[in-house]
1. Looking at Met73, is it within 12 Å of the chain's Cα centre (by Cα) and closer than 15 Å to Phe130 by Cα?
2. Of the numbered conditions (1) surrounded by fewer than 16 Cβ atoms within 10 Å (Cβ to Cβ); (2) in a helix (DSSP H, G or I); (3) among the aliphatic types (A, V, I, L, M), Val71 fails exactly one; give the number of that condition.
3. Could you run through region 1-34 and say how many residues are assigned to a loop (DSSP other than H, G, I, E, B) and of a type in the set (Lys, Arg)?
4. Tell me the residue from Thr43, Thr79 that is assigned to a helix (DSSP H, G or I) and free of Cβ contacts under 8 Å to residues at least 24 places away in the same chain, please.
5. If you take the residues in region 79-97 that are modelled with pLDDT of 95 or more and not charged (D, E, K, R), which one is farthest from Ile37 (Cα to Cα)?
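The values are calculated or read from the model by the stated rules, or taken from the named source; none is laboratory data. Since this is a predicted model, take the numbers as computed values, not measurements. Cβ atoms come from the backbone with ideal geometry, glycine included; neighbour counts cover every protein chain shown.
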Amino acid sequence: MSLSNDPRFVASEKIHAVLHYWTARKQGTDWPLRDSIVPWELTRYLPNIVISEINRKTHQVYYRLVGTKVVEMSRFDFTGRWLHEMSPASQEPGVWEQAYALMIETGSPVYGQTGIPIADGSEILVQEEFGMFPLQVPNKEVFQCLALEVYGSVMHFNPDDLRAMRPVKR
């Protein structure tokens, strides 16, 4: 699996900038408070941001906000959805569940690499790096995650050709 707690695992300057921002807001705690994250200070990154909420007991993940670039690349706006209700378009099945599990297990940011197939069954991928940063909230039953997804060059094809993320049919 392409996951790590070591920020050197990803090369993206954007992910390292968000790590720096996240670290500066910790104020002597393990994780910064969600209220210390100011959206207008992250304007440059907002299209690539995902904010999720994780239940500490069940480990279920709920997506509170999905940036416009993430929606474009996923071809699905999963704001207001649960991770277990979807089939993410990713080279590695289960990468997101495993990334959240690693964050829960270690209590640390998680960095990863995966690929998004450009269409169902395609072997051509858009490379993706991501960073996931835990946040404290007043409700002790949950915590939130500020994630940044950064995509490789997509100039050579139309994002509409990407395989779409879909809700799981039950």
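1. Considered against the rule, which asks whether it is within 12 Å of the chain's Cα centre (by Cα) and closer than 15 Å to Phe130 by Cα, Met73 comes out as no.
2. So the condition that Val71 fails would be (1).
3. Residues meeting the conditions: 2.
4. Every option except Thr43 fails the conditions.
5. Trp82
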